[in-house]
Amino acid sequence: MPPPSADAFPFLCVTDLAVVMPNAPLVSTLPWTLDRSDRRASHNDPPDTLVENRTSYGGEDMQFSVYDTVQQAQRVALRSANPLYCGMITGKKVIHLTDPDREPFEFLPGESLVVPPLETIYIDFPEADREPTRCITLEIDSDKVDDMVARLNEEMPRSPESGPWEVDRLNHCHLRNDAGIERVLQSLVQLFTEDVPHRDMLIDLNATELVVRLLQTESRHLLMGPVDRQLPENGLAAAIQYARKHLDQPLTVSELAEKACMSESSFYRYFRNELGMTPLQFLTKERMKRACELLLSGSRSVGEVSHDIGFSSVSYFINTFKEHVGTTPKQFQLSNR
């Protein structure tokens, strides 16, 4: 089977995976098509002006590629006929959009970028000569992405106010990866670069999970962002804003469901579907975020912070904080003075 065309797929580009990628060039041991190519500053440039090289593994409806940029470059155009999902492992890029009202922005490891189809972006590589920029891309057939989204709408529907899940083909999206996205991306890297049993099935499952988590992350940014960016009259957004204003109180799922104007079971289901976490997990995450802010202010003791974010037991707060942050509240406070 011939490798898929680069123009036939949306790009899903993996980010911040240096821990699982070897320093040496990848060598294919898979039954998939392996392709290597390079890009130079222009067709007439000599060999020493190599700008970028690529190693790709092509399958039936996906293609995995590793891009290494070794020279500084400016305004390198990138365009696709389909949605383009991209990110980096190492180095730094500066992204320029065609919209004159949008300022250029840095694109760093651990971040993701979705570019709508037929929109050209221009990329600067300001540090590639000192630290080669490495990017991983995963291209998925657009029909397959549509099938994934249709299945998601059937099995994990959003609330009526939020509308159905869909891939935004009009606007770019720049976001920070969470732990769930990083985990599934590492799994995909290993599956594409190793010959493991049932690899095709596992790749399909992980690619589906990647699409789900990316959509949930984008939904979280909308529902949990500033009020003026949220969907109007969205019950989940109203519950989230209420919770953030009352973290010092013993909030319950029933209370939040009431603020969302939903039954408790519907609220729990829609909340988990759209945000990728339960309401209680969200409350804990928000309380730990608020605790970090209060501890950094330096004006409150650990006991006072515990009380301010709704914990009745200081010892339980300390254990919860250590579980989520990796250190005790006092150690966190002292290390950030």
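Every number here is computed from the coordinates shown, using simple stated rules; none is lab data. Source: prediction; values computed, not measured. Neighbour counts run over all protein chains shown; Cβ positions are idealised from the backbone, glycine included.
Below are the figures for this structure:
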| quantity | calculated |
| --- | --- |
| Alpha-carbon Rg with Dmax, taken over the range 235-335, Å | 14.4, 44 |
| Which listed pairs, of 259/289; 92/289; 93/330; 93/245, have C-alpha distances above 30 Å, in listed order | 93/330; 93/245 |
| Label-zone membership for the range 107-130, site residue 94, 7 angstrom Cα→C-beta point, backbone N under 17 Å | 107-109, 121-130 |
| Angstrom value of the Kirkwood radius, inverse mean 1/r, which spans all Cα pairs in the range 298-337 | 10.2 |
| Three principal axis lengths of the range 114-185 [C-alpha, angstrom, descending] | 49, 30, 25 |
